[in-house]
Amino acid sequence: MNDAELSQWIRAHNVCYEVSPHFEVVQHTKRQAAYDLTLYAPHPDRSVADPGGSVNAEIWEQLREIALRVLPPDAHYDIDPFDAAYHLRAETRYQPEVDLNVEVWPHDGLAPIDDQLRHQVRGMEEALLKLGAQPKVWHQGGPR
């Protein structure tokens, strides 16, 4: 899929994203170890169907393609596997959504968060916005 087709799919499926800190406990101390990028897309008919069905698996695969498109080529990351469950958020009034989570790590997995990783994360967010994804919650007409 080229960028134009991917942007069209993102708009048609109201794709939103969140970036949040990922914390780990290291030697009895909580510290930020990575960032989590989560992409969300509601179920197309806005109802609860089979969460492990082919429609949701196809949505997850497209979310994965989006994530891979915006991740820097030298990024260290882990993509969580398809979760055959709906995810409900208060921000979307508990509308059933398919989500995909990516953990983005420093090059040395035990190193603290550095400017290089922060720069990569900002770049991912800029790329998502350029493709048409919206932060947190979908708003018709664009982000608020």
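The values are calculated or read from the model by the stated rules, or taken from the named source; none is laboratory data. Note that this is a predicted model, so its numbers are computed, not measured. Cβ coordinates were reconstructed from backbone atoms using ideal geometry, including for glycine residues, and neighbour counts include every protein chain displayed.
Annotations
- Residue under evaluation HIS28, criteria (1) modelled with pLDDT under 90; (2) at negative phi, criterion not met: (2)
- Selected residue (criterion: modelled with the lowest pLDDT) from residues of the stretch 53-84 that are surrounded by 16 or more Cβ atoms within 10 Å (Cβ to Cβ), of a type outside the set (A, V, I, L, M) and over 23 Å from GLU5 (Cβ atoms): HIS76
- Check on LEU6, closer than 16 Å to GLY132 by Cα and crowded, with 16+ Cβ neighbours inside 10 Å: yes
- Residue in the stretch 99-114 that is surrounded by 16 or more Cβ atoms within 10 Å (Cβ to Cβ), under 19 Å from ALA12 (Cβ atoms) and either modelled with pLDDT under 85 or charged (D, E, K, R) (or both) present: yes
- Within the stretch 7-42, the set of residues being under 25 Å from ALA85 (Cβ atoms), of a type in the set (S, T, N, Q) and more than 12 Å from the chain's Cα centre (by Cα) comprises ASN14 only.
- Filter result for HIS139 (farther than 27 Å from ALA33 by Cβ, of a type outside the set (Lys, Arg) and assigned to a loop (DSSP other than H, G, I, E, B)): yes
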